[in-house]
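The values are calculated or read from the model by the stated rules, or taken from the named source; none is laboratory data. Quick caveat, the model's predicted, so the values are computed rather than measured. Cβ atoms come from the backbone with ideal geometry, glycine included; neighbour counts cover every protein chain shown. The area values use the complete protein model at the heavy-atom level, side chains included, leaving out ligands, DNA and RNA. Shrake-Rupley method; radii C 1.70, N 1.55, O 1.52, S 1.80 Å.
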Amino acid sequence: MSSQEIFDPYILGIFCNWCSYAGADGAGTSRMQRPANLRIVRVMCGGRVDPQFVINALMNGADGVMVSHCHPGDCHYIEGNLKTVRKMPLLKRYLEQFGINPKRVRYIFVSASEGVVLTEIAKEFSQEIIELGPNPIRGGN
Amino acid sequence: MVTKTKNLNKINGRDPPKIGVYICWCGINIGGVVDVPKLCDYARTLPNVVLASEYKFMCSDIGQGMIMEDIKAGKINRVVVSACSPRMHEETFRRACEEGGLNKFLFEQANIREHCTWVTMHDVPGATRIAKDHIRMAVAKVGALKPLEVTTVKVEPSTLIVGAGIAGINAALDLANSGYKVYLVDKSPTVGGHMAHLDKTFPTMDCSSCITTPKMSEVARNPNIELMTYSEVISLDGYVGNFKVRIEKYPHYIDQNICTGCGHCTDICPVECANEFDLGMKPRKAIYLSFPQAVPGEYTIDMKHCIRCGICQETCPTAAVRYDDKPEYVDITVGTIILATGYDPYDATRMGQYGYGRIKNVINALQMERLLSSYGPTEGKVKRPSDLKEPESIVWVQCVGSREFTGKGRKYCSRVCCMYATKQARSYKEKHPNTQCFIFYIDLRAFGKGYEEFYNDTAKNYGIKFIRGRVAELLEAGNGNVIVRAEDTTLQRPVELEVDMVVLSVGLEPRSDIDDIARIFNVTASKTEDGFLMEAHPKLRPVDTLTAGIFVAGNVVGPKDIPDTVAQAKAAASSASTLMSRGEVEIIPYYSTVLSHKCAGCKSCISLCPFNAITFNEIEKVAEINDILCKGCGTCVADCPSKAIIQNHFDDIQILPMIATAIPKKPQAEEVEVE
Amino acid sequence: MSNDDLKFALFLGCVIPNRYPYIERATRAVFDKFKIQLVDMKGASCCPAPGVFRGFDIDTWLVIGARNITIAEELGLDIALMCNGCYGSLLEVNHTLKYDKEKRRMVNEHLAKIGREYKGTVEIRHVVDIMYNDIGPEKIRNKTKYGRKKPLNLKLAIHYGCHLTKPSEIRPWAKESENPTFFDELMEISGCKSLNYKDKFMCCGAGGGVRGAFKEISLDYTREKLENISTANADAIITSCPFCHLQFDLGQVEVNNIFKDKISAPFNIPVLYFTQLIGLAMGMTPEELGLIRSPDLKGVPPFTPVKPIITKIGETA
């Protein structure tokens, strides 16, 4: 079961509606191909992202989590995203204490016109997760 | 005032969910990649799903009809549509639910197109996996959704238009003549924008000021338009229908009520500085009027250059000079806003090889317009900067700063340069038939009505030489002449010309303060692409933004010629008018609420809210959220240490189940099915 | 950083040791006066030439260049070099290997066979860069103000060459890529003035394998440059590259010969490497700087007589 060949990473994305979700839509409209690893949950603003979501996702077996919202300064709700900018690095530090490799959580800024950027990062992250292996909760390392 | 129905969040009792899942083929967009009927089979296995149907185009009348019938028949009380992105058709399906008799917020859309089949077109098992996950997540969320009512707010019948160029002016006139109050604001002391700089306009060779100045005067006279020039919007609050705007009016240092416009001060002022209107080619005084036809015809003192010698104050016949003038702040409330702030010409100093700023006789196209203009620095006689000689030969260099992939300029085509260069060359040749005029181009884009005919006529009958080849570099020869080096790609040989003057056809760029504009008005300036403001949808909503109530028109959205600018201005006015004529607008109720019994009174949420929607009730010692000011970002929800804040439609009870069901319980290996 | 801290590994390349040794001599003499230490790089080879080698096989070019860089890495010193071509090669090899993991792996696989490893620990500096950025035109001007009884007062045609400034992003003067002025600033000492002549930044014609394969075409370039420089009435041509220097010096004789029907009169413009000019300004003799050649030595530079300058500047101290 830990065979690397058939390991397809399970990556959960939590994206804000105005920038990142739109950017992902843009990537889709332009048919930018990426490996079939990313599922996306929509929230209205990056500020809505509760660290609880990330932990729940990992505890439920996600191999990787990607949180994405607008670039600082561009938030549709002025500064919702800035609150998350403060929370995420802290969260990553705590993940280690949960016994989870913080590299499994990617925190990025993707704007509505950056479908290309998102696709590149998604590809890179998939590759990284493959190298890290499946989530230990599901029997990896 | 606001009409809204009760906050239904407090009502707990509801029927157990009976979910209907509808999977769309979207033609072959989805159906060509995944097996839709098999997805339906899968959907039926999910908890609380009572039926799963599929159709080629769920957004069609028939597709929507399927949903409505099942609701009316009492089969379902929750709807999931798995199709395109909710940003496309969420409203469509919500309305279908409503028409069927179901609260329109008991609907969720699973994105299995943009986020699935379109990005994994060739990996069928992979696409199927992701489609199943998205459907499963949507089913989990919809089961936890609660019925909501839209909030309706009144819309003020007034508009703020930022930018008084040809776009702003046209939009202002249309709205004012429809009976709405218009505030027209511009940073410059006069209206008119860039059109006031131009000499003639293509393809009709209309004199630009002849067609602009009547509109400029009209805008000043119209009783419904409050003109605020030399002013800037400094802050914006509120929401669609009720924008609260603060405007700073810069001091003129001259009492406009007393000034008679005699111009005596300008004659006497000892200070000379660069004249922005003539693009630095002619000086102006520190106390000045922008240009003869300026509207309003208000004299201004440029304090950056004024030395406060006091001569103008002493000699002004009406004693209108006021050195102690201060900025004035105006607060207004408007229902809609139109942004029409225009463009900046590309700064050609960034193209080192063209020597702009270094070689005296290399100028840009806007400067050429001023030289051609009868009220320009040389009163319509084109003279070259180094020795004021009338050029016997001129080269126009096309695509300066446009179609540029080296990072020194912009990748896009600026649309108007081919035509304006042709027009300028023609204008010049008309007056000086014995001169040599050359245009070095990559392509000649003559796309508009009458444009190709204009170019054809100019090329045939005016003796202008069009050479296909992008200019490589410009060098300074002795005596001020400019050497042009390029390749004539048609004849496949290098070309070197020595001419009297070179005009750089510079492209149109977003204004240098576009990011500030985007920030103040909470709209998006595209970051990675062209840098202009982003419209809500490039094809179907060219004058809307994603911020409700704010519209855009003209060059602020992208480079365009005058007819397109005016068309967009009228479109934006129409859109604003639609909103205002209804008198009220619906706001989606994604707002948050504090559960007072859980609130510990820690006040963490209060400082977090970007909209100051949270206040502290000193008597109950709990936080309270104003559900009109609350825009539903959810930041307070995520941060409340007591988990005392709930958000409509995006609460933990709706998101956590999505996350919980996102990953299938069975290990990865067994998920991979062989199709 | 005080002068006393400056110590570099001196990379000689090919043209200097084999054909123009006075360039090394003049540079050492001047650097000595500025207390910059130059250490020999034992075992250094051809850089390899950026036009020819890179044009044929990029991987070979990377490996040979990396080998040269490892010699300096072992000395723990940045490389100082006196040739635009060597600069083009080593700077770009260094930059490529610092950022391209695949290429680095490939190079180190080859270097392992001779017991070496590229680590990416040193920088590559052209002596013009060192003089301009580490010493500075101000200091040079001060040191050369009273080096002679009478200032030089020469009109100079500065030839930047190609690899010194391009590709610009990784070079220290990226901002002025279209219109650089740093070399002119460096040379405006002892009353000298740098002239603006037509097509100042045009190639001399030598590089890219052109002199080797198409000599007449390369000399046609040189002829054009000499005409423009002559029109501007320059007293001397200043170079920062031994190959450009060769092309203007030996090449000038060749141009006078091959194009004698095309040119109005034979050219006679002395060619100086820039450290030779700085040396003169500091009061060193032309002999010390290798500018005087014994008449019985054949095939030894300078080929275009330097006498016109010597006469013009008169006595030194």
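Summary table
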{"quantity": "Residues within region C:72-118 that are in a helix (DSSP H, G or I) and within 15 Å of C:Ile170 (Cβ to Cβ), tallied", "calculated": "14"}
{"quantity": "B:Ile169 being in a strand (DSSP E or B), within 21 Å of B:Asp544 (Cα to Cα) and modelled with pLDDT of 95 or more", "calculated": "no"}
{"quantity": "Residue match in region A:58-65 (condition: open to solvent by 10 Å² or more (accessible area, probe 1.4 Å) and either in contact with an Asp or Glu (Cβ under 8 Å, 6 or more places away or on another chain) or modelled with pLDDT under 95 (or both))", "calculated": "yes"}
{"quantity": "Out of B:Gly100, B:Gly74, sole residue that is at positive phi, in the same structural domain as B:Ala144 (by TED's automatic domain parsing) and either free of Cβ contacts under 8 Å to residues at least 12 places away in the same chain or among the small types (Gly, Ala, Ser) (or both)", "calculated": "B:Gly74"}
{"quantity": "Wholly within region B:61-165, helices (runs of 4 or more DSSP H) carrying at least 1 residues that are in contact with a Pro (Cβ under 7 Å, 6 or more places away or on another chain)", "calculated": "B:124-144"}
{"quantity": "Every residue from region B:109-121 that is more than 9 Å from chain A (Cβ to nearest Cβ) and in contact (Cβ under 8 Å) with a residue 60 or more places away in the chain", "calculated": "B:Ile112"}
{"quantity": "Single residue of region A:1-18 satisfying the filter (more than 8 Å from chain B (Cβ to nearest Cβ) and open to solvent by 10 Å² or more (accessible area, probe 1.4 Å)) that is modelled with the lowest pLDDT", "calculated": "A:Ser2"}
{"quantity": "Residue in region B:639-652 that is open to solvent by 50 Å² or more (accessible area, probe 1.4 Å) and more than 13 Å from every other protein chain (Cβ to nearest Cβ) present", "calculated": "no"}
{"quantity": "Filter pass, A:Gln33 being surrounded by fewer than 24 Cβ atoms within 10 Å (Cβ to Cβ) and either touching a strand residue (DSSP E or B) at 6+ places or on another chain (Cβ under 7 Å) or facing chain B (nearest Cβ under 7 Å) (or both)", "calculated": "yes"}
{"quantity": "Test for C:Asn228: is it touching a strand residue (DSSP E or B) at 6+ places or on another chain (Cβ under 7 Å) and among the polar types (S, T, N, Q)", "calculated": "no"}
{"quantity": "Those residues of region B:325-363 which are surrounded by 24 or more Cβ atoms within 10 Å (Cβ to Cβ), of a type in the set (S, T, N, Q) and assigned to a strand (DSSP E or B), in sequence order", "calculated": "B:Thr336"}
{"quantity": "Odd one out for B:Leu106, checked against (1) within 14 Å of another protein chain (Cβ to nearest Cβ); (2) in contact with a helix residue (DSSP H, G or I) (Cβ under 8 Å, 6 or more places away or on another chain); (3) touching a residue at least 40 places away in the same chain (Cβ under 8 Å)", "calculated": "(1)"}
{"quantity": "Output for region B:122-132, where each listed residue is within 14 Å of B:Ile28 (Cβ to Cβ) and within 7 Å of chain A (Cβ to nearest Cβ)", "calculated": "B:Ala127"}
{"quantity": "Answer residue from region C:168-192, given it is closer than 24 Å to C:Thr96 by Cα and not in a loop (DSSP other than H, G, I, E, B) and is farthest from the other protein chains (Cβ to nearest Cβ) among those", "calculated": "C:Ile170"}
{"quantity": "Residue satisfying condition, being open to solvent by 10 Å² or more (accessible area, probe 1.4 Å) and under 15 Å from C:Glu185 (Cα atoms), within set C:Ile135, C:Ile158", "calculated": "C:Ile135"}
{"quantity": "Out of C:Lys145, C:Lys215, C:Lys149, C:Lys175, sole residue that is surrounded by fewer than 16 Cβ atoms within 10 Å (Cβ to Cβ), over 17 Å from C:Leu272 (Cα atoms) and at pLDDT 95 or above", "calculated": "C:Lys215"}
{"quantity": "Leading residue by the ranking (farthest from the chain's Cα centre (by Cα)) among those in region B:518-549 that are open to solvent by less than 20 Å² (accessible area, probe 1.4 Å) and away from chain A (no Cβ under 12 Å)", "calculated": "B:Gly549"}
{"quantity": "Pairs where the first residue, in region B:412-436, is in the same structural domain as B:Phe454 (by TED's automatic domain parsing) and surrounded by fewer than 24 Cβ atoms within 10 Å (Cβ to Cβ) and the second is in a helix (DSSP H, G or I) and of a type in the set (Lys, Arg), C-beta under 7 Å, 6+ apart", "calculated": "B:Thr435/B:Lys429"}
{"quantity": "Hits in region A:61-105 (condition: hydroxyl-bearing (Ser, Thr, Tyr) and more than 11 Å from chain B (Cβ to nearest Cβ))", "calculated": "A:Ser68, A:Tyr94"}
{"quantity": "Residues satisfying the stated conditions in region B:199-236, i.e. among the hydrophobic types (A, V, I, L, M, F, W, C), open to solvent by 30 Å² or more (accessible area, probe 1.4 Å) and either outside any strand (DSSP E or B) or on the phi > 0 side of the Ramachandran plot (or both)", "calculated": "B:Phe202, B:Met205, B:Cys210, B:Ile211, B:Ala220"}
{"quantity": "Residue pairs meeting the criteria (Cβ under 8 Å; at least 6 apart or on separate chains; first more than 7 Å from chain B (Cβ to nearest Cβ), in region A:47-60; second surrounded by fewer than 24 Cβ atoms within 10 Å (Cβ to Cβ) and acidic (Asp, Glu))", "calculated": "A:Gln52/B:Asp652"}
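The rows are residues; the columns are (1) open to solvent by less than 30 Å² (accessible area, probe 1.4 Å); (2) farther than 22 Å from C:Pro242 by Cα.
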residue: C:Val52; (1), (2): no, no
residue: C:Asp57; (1), (2): no, yes
residue: C:Thr60; (1), (2): no, yes
residue: C:Glu73; (1), (2): yes, yes
residue: C:Glu123; (1), (2): no, no
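Here's the yes/no breakdown for (1) of a type in the set (D, E, K, R); (2) open to solvent by less than 20 Å² (accessible area, probe 1.4 Å):
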site	(1), (2)
B:Met137	no, yes
B:Ala140	no, no
B:Leu145	no, yes
B:Leu148	no, yes
B:Ile166	no, no
B:Ala172	no, yes
B:Tyr183	no, no
B:Asp186	yes, no
